[in-house]
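Scroll down for the structure; my scribbles are underneath it.
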Amino acid sequence: MPLAVVHGQPVLQIPQDLYIPPDALEVILDAFEGPLDLLLYLIRRQNLDILDIPVAEITRQYVAYINVMQDLRFELAAEYLVMAAILAEIKSRMLLPRPPSEEGEEEDPRAELVRRLQEYERFKQAAEDIDRLPRMERDTSTVSVEIPDRATVRLPPPVDLPELLLALHDVLKRAELFTGHAIRRDALSVRQRMGEVLGRLEDGAFHRFESLFDAHEGKLGVVVTLLSLLELTKERLLELVQEAPLAPIYVKSLATRDGSAPVSLVSEFDEDIEDGYDGGA
């Protein structure tokens, strides 16, 4: 097993001229965020009561840790040295007789240190509880999906012949309400009606199938309009669409707007109805 691979070549032995300083590798097992963190660690490691701290033992361990840090040539923060002085002061006050307070009880020199330790422990526990909560970008990640732009082309639905006949039946029923009793002579042309229908649909929008019929013209006018619509649809000048069964039928013009139709309007129905129509009562 080679010790290393340098420039693609394995190194099997340590070079004789390789100099490794004695402090090239240092391993720090414990790291503390401050003197209170170190004191709390020493107390909890020995299961001591924080309300009855053995100041002498804790001070000895604290000073021993500082000596180890100095041997490792770490630059100690001033607060570590200040805490060492505070522990030495508390130790000295514990050895000296304490004057009683106004209530007749002796004041404990450790009270202020215990209060600071308890407060620090509460904040440290709260920080650990918050750190255990799920965190974005650490425990969870936001899922994002890029949807490409797609041009959707919706084709108009086709119209079935039964649906067209149902719509025509409704128009015929309304036309019967305007049937006249007088006999008159009407001259209606399928070709003329085809031009009128294209004129009404020249805006290029969809129009209701029923709106193209005039019930006042009677059955003859309805039939002529229907024949013109069918002929225009046959010549691919109109488009009939229906989105769903029993839904309204819409008509749209496919003719150009340059004033002329792309397909001739001459059809087999291009004869004037000049014989008239006798309407019954």
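Brief remarks follow.
- Subset of the stretch 237-255 [of a type in the set (S, T, N, Q) and over 14 Å from Leu164 (Cβ atoms)]: Ser253
- Qualifying position, being polar (S, T, N, Q) and at pLDDT below 85, among Ser211, Ser189: Ser189
- Comparison of Leu155, Leu232, Leu240 shows that the only residue that is hydrophobic (A, V, I, L, M, F, W, C) and in a helix (DSSP H, G or I) is Leu232.
- Restricting attention to the stretch 196-227 and to residues that are assigned to a helix (DSSP H, G or I) and under 18 Å from Val241 (Cβ atoms), the residue that is farthest from the chain's Cα centre (by Cα) turns out to be Leu226.
- Sole residue being under 30 Å from Leu40 (Cβ atoms) and at pLDDT 80 or above, chosen from Leu113, Leu161: Leu113
The values are calculated or read from the model by the stated rules, or taken from the named source; none is laboratory data. Note that the structure is a prediction, hence the values are computed from the model and not measured. Every residue, glycine among them, receives a Cβ derived from its backbone with ideal geometry; neighbour counts consider all protein chains shown.
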